[in-house]
Structures are given as C-alpha cells and as structure tokens.
Amino acid sequence: MFLAGLIGLAAVGGAAYAIGDVFIEEEDEQDEGAEDESQTEIGEGEFLDVGESIEPAQDSDDTGGTVISEHEGDLVIAGSDNADVITGQDGTDQINGYGGDDHIMGGDGDDVMHGAEGEDTLSGGQGDDLLHGEADDDALFGDEGDDRLYGHFGDDHMQGGEGSDALYGGQGDDDLNGGEGNDALQGGYGDDTLTGGTGEDTLFGGDGDDLLLGDEDNGETDYLNGGAGEDTILAKDGDVATGGAGADDIIADTENSEVTVMGFQSGEDRLLITWEDQDPPEIEIEQDPENENLTRVSLNGHEVAHLFGADGLTVDDIHLLTEAELAEYLPAG
C-alpha cells in the first residue's frame with residue numbers, strides 16, 4: 001500500500017490517527033490474499049472512537065496512523081480526553097471532541113460538531129453546519145453555508161462566515177461576528193460584543209452590558225436590540241435600534257439616511273451623534289405633525305435620527321462624538 005493523501009487527521013496523545021482514505025491498498029504478490037490487520041474499515045453511520053476502538057498503524061517513519069479504507073458516506077466520530085485534531089469527510093458527519101483542547105474541521109456536508117470540555121476550535125467548512133462549543137472558551141467558525149453556532153458556556157469567539165448564519169453566545173462574555181449574509185446574532189448572558197458584518201442582520205444582546213455593531217454601511221438595514229443591561233449600539237444609515245431595559249447609549253453614525261430608534265427612554269438613554277466639523281451644529285428636535293409618537297432629530301437641517309416613544313426628549317439627551325471619541329467605544333483592532 002502507499003500513502004494516497006491525508007483526508008483527515010486526529011492526534012491523540014502524540015499519535016496521529018487518520019480519519020479518511022489515507023492508504024489505498026495495492027495487491028502484492030507476496031501478500032495477496034493476506035489480511036492487513038492495520039486497516040480498519042468504518043461503515044456508513046458506524047461509530048468511530050479515536051481513543052479506544054482504533055488500533056494505530058505504523059508507516060515507514062514510525063508515525064502512528066489509523067487506516068480507513070475507501071470510506072464514503074457519513075461518519076460518527078468520537079475524540080478522547082486528550083487534545084484531538086479531527087477532520088470529517090464529504091458526508092454528513094457527527095464529530096464529538098470530548099475532553100481536551102480539540103481542533104475539529106467538518107469538511108464538506110452538513111456536519112454536527114460538539115467541542116465538549118476544553119478550549120476547542122471548530123470549523124464547519126462547506127455545508128449547513130451545526131457547531132456546539134459547550135464548556136470553556138471556544139472558537140467557532142461556520143465558514144461556508146447557512147450555519148448555526150452555539151457557544152454555550154465560557155467566553156467564546158464565533159464567526160459565521162459566508163451564508164445566512166445564526167449565532168448564539170450563551171453564558172460568558174462572547175464575541176459574535178456574522179460575516180457575510182443576513183445573519184441572526186444573540187449574545188445571551190454576559191457582556192457580549194455582536195458585529196453584524198455585511199447583509200441585513202438582526203442582533204439581540206440579551207442580558208448584560210453589550211456592544212452591538214451593525215457594521216458595514218452598505219445601504220442594508222440592520223436590526224439592533226440591546227436587551228437588558230446598559231448597552232452601546234452603533235447604528236449606521238437606515239438601521240433600526242432598540243436599547244431595551246437599562247440606560248443605553250445609541251450612536252447614530254450616518255451619512256445619507258437617518259437611523260430609527262425605538263423605545264428611547266428620555267432622561268435615561270443617550271443619543272450620541274458623530275460630528276466632525278469644528279463648529280458645533282444646531283441641534284433641532286421636532287415632533288412629527290402627523291405622528292405624535294415620532295420625534296425627528298436634525299443637525300443643521302439634516303435629519304440624522306427618528307425616535308419613537310421619546311417623550312420629553314431634550315438636547316441634554318443628545319451628545320456629539322468626534323471620530324476619535326467614537327473609536328473609544330469600539331473594540332480594539
């Protein structure tokens with residue numbers, strides 16, 4: 001037999017275990033008809049336990065390896081309590097990392113991945129994948145496809161990548177980034193940072209003092225809801241922002257069209273507006289004559305915000321931000 005190419009790799013305690021068509025068998029006149037005990041065939045839907053049920057095979061370099069011959073279809077793969085590196089194949093795989101700081105890559109197909117204990121890194125690859133970080137501080141990457149990412153416990157870092165993704169932070173202070181597509185992000189508990197990326201995104205901070213960034217100003221509307229806590233919301237042209245319960249800062253960073261603010265609590269929430277000119281503008285507050293629930297805010301005659309439910313709004317609720325001051329609200333980098 002000869003090495004055909006490493007499709008997947010699972011490293012357990014220093015030994016390398018291949019999860020894929022690593023070796024292709026060639027007939028040898030001396031070995032014809034003999035059984036190669038170093039090969040393990042995993043049938044479709046069978047359970048592959050890296051820690052126990054796989055026997056290591058040795059190549060010429062004395063590198064541990066496990067052979068799965070000519071496998072096609074779906075796999076169920078179990079890691080170990082060590083730091084595993086596991087790669088799925090083209091099917092719809094289920095991969096469980098269990099203990100240790102694991103690196104799990106889904107490959108093609110609609111995969112399901114569980115990091116479990118340890119600080120795990122999960123990458124969905126192609127397909128519509130489901131990723132669970134679970135315990136500890138995990139990094140989850142949806143990559144291509146319409147993916148669902150759940151951080152669960154710990155301070156997790158999550159990126160949706162391409163496609164219309166759904167990201168749920170869970171407990172801990174999480175960092176969620178939707179990437180491309182029309183994404184839905186929910187921080188859950190903790191002081192979370194949510195970034196929509198491109199597309200029409202929906203961000204909900206949940207409990208805690210959250211930072212919500214609609215991000216790309218590309219003419220698409222983002223919906224930003226801080227939830228409970230003292231949140232900071234950065235809204236671009238055309239975005240719709242709701243502070244929720246708590247004293248919130250809503251930043252209107254506009255160029256071409258106003259932002260819409262729902263449920264503004266005058267005397268508690270603050271409206272911050274970016275302004276670069278050295279001379280302070282004339283701030284105008286006007287109640288809409290046709291809708292008594294709508295308050296329009298303008299700078300030098302240019303409308304920058306429409307506020308609903310902002311009874312009693314005064315100029316004391318409005319603050320101007322320079323570009324340098326705005327940067328202080330944003331995450332580093």
Residues whose modelled amide H sits under 5 Å from the amide H of Asp237, counting only those 5 or more places away in sequence or on another chain, are Glu255
Note, segment 169-180: 3J(HN,Hα) by Karplus (6.51, -1.76, 1.60, θ = phi - 60°), whole Hz, Gly/Pro = x, goes x, x, 7, x, 8, 9, 10, 10, 9, x, x, 7
Calc'd 3J(HN,Hα), segment 202-208, phi into Karplus 6.51 cos²θ - 1.76 cosθ + 1.60 (θ = phi - 60°), Hz, glycine/Pro = x, comes to 10, 10, 10, x, x, 6, x
With a Förster distance of 30 angstrom and the Cβ-Cβ distance between Ala245 and Gln278, calculated FRET efficiency to the nearest 0.05 equals 0.20
Along principal axes, largest first, the alpha-carbon spread of segment 203-333 in whole Å comes out as 37, 31, 28
Which residues qualify? For Gln94, with a placed amide H closer than 5 Å and at least 5 residues away or on another chain, they are Leu75, Val76, Ile77, Val112
If amide H atoms are modeled at 1.01 Å from N in the peptide plane, then the residues at a separation of 5 or more from Gly88, or on another chain, having amide H under 5 Å from its own are Met105, Gly106, Gly107
Relative contact order in percent for segment 203-333 (Cα pairs under 8 Å, 6+ apart) equals 18
The extension gain from Glu325 to Ala135, computed as 0.36 nm times the residue separation minus the Cα-Cα distance, is 64.8 nm
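Where a number appears in this text, it was derived from the coordinates with a stated rule and is not lab data. If you're wondering where the values come from, they're calculated on a predicted model, not measured in any experiment. Here Cβ is always computed from backbone atoms with ideal geometry, including for glycine, and neighbour counts include all displayed protein chains.
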